[in-house]
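To start, the structure under review is shown below, and the notes come after it.
The values are calculated or read from the model by the stated rules, or taken from the named source; none is laboratory data. Since the model is a prediction, treat every value here as computed from it, not as a measurement. Don't worry about glycine lacking a Cβ; one is built from the backbone with ideal geometry, like all the others, and counts go over all protein chains shown. Just the protein is used for accessible areas: all its heavy atoms, side chains included, with ligands, DNA and RNA removed. Shrake-Rupley method; radii C 1.70, N 1.55, O 1.52, S 1.80 Å.
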Amino acid sequence: MRQAPPVPDVFDPRQYADAIPYDAYRVLRDHHPVAWQDEPEVLGWPAGPGFWAVSRHADVVRVLKDSTTYSSHLGATQIRDPDPADLPFIRRMMLNQDPPEHGRLRRTVSRAFTRGRVDRFAAVAEERARDLFAGALRTARATDGTVDLVSAVTDDYALLNLTDLLGVPDSDRGLLLHWTQRVIGYQDPDEAGPGVLDGEGRPVDPRSPAMLADMFGYARQLAAHKRRHPADDVMTTLAHDGELVDGEPEMFFFLLTVAGNDTVRSAAPGGLLTLAEHPGVYRSLRADPGQLLPAVDELLRWHPPVLTFRRTAVRDTELAGQQVRAGDKVVVLHASANRDERVFEAPDRLEPSRTPNPHVSFGDGPHVCLGAHFARLQLRVLYREALRALPAPRVAEPPRRLVSNFINGIKSLRVHVT
């Protein structure tokens, strides 16, 4: 009997700057579906106690759906353990709560995040995408025929759509980008910038109250402004919601700014890269843009914006034959689940018409992405405009990827567009 291969490391965030470790994921799925991962000190961040990596689709869905066994509240939802002093603050975020409290907050923000309000953004997003691609083409024609679609198109597209939805002035989109980079890209020196250290020389968690003070101060000012000058936007709805207690509108602003922005900000260049790398699919979609509806979900399966989410075991349990103890960290691997041969036929083949497509790029269970409809709409509009504006984009140089074991980010995507 052949011995199973050793458990590969899928924790070190530096490897994700090269590529998503799909070969390692397959080893995990085939031989170690729930595998212990060490959590050594890396990039200045202190070592942690380790965690269970969950790689198969069925187990990922089980963990995400079972909030009574796998809690978002106990240790929050990032692999790194927060400072115990910061944990009460971090637990107030909807992302880090369990039912029933999570349900109350989700219902509240759902009233602001209505389908009608989101659909009204379609025309605005279409015009915005057209203008951004036109600018990208002008840049390419004035230089060597290439352009970075991240800096020229997708960053501003995601940010300006979000400012519309929230009711933030366009002139402040730079603030939103700065906060997103600091919170989401904290493992990447290019994104996070010079790290803030505590008195003992350790990095300060970007989700700590001290590091979020400027964002929360802005959110309070914005909410106060919306109470005096209401408009048709999400922050107006939240500012006038009598069920929210002190601090909750600011928490929602944090969630929507970071999660709402970075979902599209990561998925959009990933989808454009995938299409550029599959010219046959690109030509087919260009000939028949009606295929975009299922294609958006296939591009999300192929390039999920979020790589991992963490839960904490509430009690001793068993998962895929592995004994998990109360208090253990349990981390689901979205990108692995999306390539699971047990669920997807030919998972390493891009099939724009794939149906059904039960990818977990937006999660599952009570925490399934609240803005999934908004994200799909934005991506569909963006890809449709790309197909119209760019006859045959070709990757000019390898994309620069984010150093992160959390977000599947692309920092630069230079393509030939003329």
Taking a crude spin-label model, label points 7 Å out from Cα along the C-beta direction, the Arg227 to Glu345 distance in nm is 5.8
The value for the stretch 270-418 (convex hull of the alpha-carbon atoms, volume per residue, Å³) is 125
So Lys65 and Gln291, fully extended at 0.36 nm per residue minus their Cα-Cα distance, gain in nm 78.3 nm
Heavy-atom accessible area with a 1.4 angstrom probe orders Arg380, Arg228, Arg207, most exposed first, as Arg228, Arg380, Arg207
Checking rank on 401-408, 361-368, 234-241, with mean other Cβ inside 10 Å and highest first, the result is 401-408, 234-241, 361-368
Interchain or sequence-distant (5+) residues whose placed amide H lies within less than 5 Å of the amide H of Val324 are Thr317, Glu318, Leu319
Using a 1.4 Å probe on heavy atoms of the protein chains only, the accessible area for Asp205 in Å², nearest 10, reads 20
To the nearest 20 debye, the chain has a Cα-centred charge dipole, built from +1 on Lys and Arg Cβ and -1 on Asp and Glu Cβ, of 1020
Per the C-alpha gyration tensor (a ≥ b ≥ c, the square roots of its eigenvalues), the stretch 77-211 is rounded if a/c is under 1.5, else prolate if a/b beats b/c, else oblate; here it's oblate
Note, Glu341: beta-carbon cut-off 15 Å, +1 each Lys/Arg, -1 each Asp/Glu, net +1
Glu191 neighbourhood, Cβ < 12 Å, K/R = +1, D/E = -1, net charge +1
So for R0 = 51 Å, FRET eff. of Arg394-Ala47 from the Cβ-Cβ r, to 0.05, ends up at 0.75
In nanometres, the difference between 0.36 nm per residue of separation and the alpha-carbon distance of Val204 and Ala372 is 57.4 nm
Extend 7 Å from the Cα of Ala142 along its Cα-to-C-beta direction; within the stretch 158-191, residues with backbone N under 13 Å of that point are none
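In Å², and per residue, what accessible area does the chain have when probed at 1.4 Å with the other protein chains present?
Computed with neighbouring chains in place, this is 41 Å² per residue.
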Per the C-alpha gyration tensor (a ≥ b ≥ c, the square roots of its eigenvalues), the stretch 339-407 is rounded if a/c is under 1.5, else prolate if a/b beats b/c, else oblate; here it's rounded
Amide H neighbours of Gly50 at under 5 Å, excluding residues fewer than 5 places away on the same chain, with H built from the backbone geometry, are Glu39
Cβ-Cβ cut-off under 15 Å around Asp316, Lys and Arg +1, Asp and Glu -1: the net charge is +1
Partner lysines whose C-alpha sits under 24 Å from that of Lys65, ignoring same-chain residues fewer than 8 away, are Lys329
For the stretch 93-105, in residue order, the Karplus 3J(HN,Hα) values (coefficients 6.51, -1.76, 1.60; θ = phi - 60°; whole Hz; Gly and Pro = x) are 6, 4, 4, 10, 10, 10, x, x, 4, 4, x, 4, 5
proj_area_mean for the chain (convex hull on C-alpha atoms), units nm², value 20.7
Ser412 and Ala123 label points (each 7 Å along its Cα→Cβ direction) are spaced in nm at 3.9
Yeah, the stretch 1-157 with a ≥ b ≥ c from its alpha-carbon gyration tensor (a/c under 1.5 is rounded, else prolate when a/b outruns b/c, oblate otherwise) is oblate
Of every hundred units of 1.4 Å-probe accessible area on the stretch 248-316, the number belonging to carbon and sulfur atoms, as a percent, is 57
Whole-Hz Karplus couplings 3J(HN,Hα) for the stretch 382-397, θ = phi - 60° and coefficients 6.51, -1.76, 1.60, Gly and Pro as x, run 5, 5, 4, 6, 4, 4, 6, 8, 10, x, 7, x, 10, 5, 8, 7
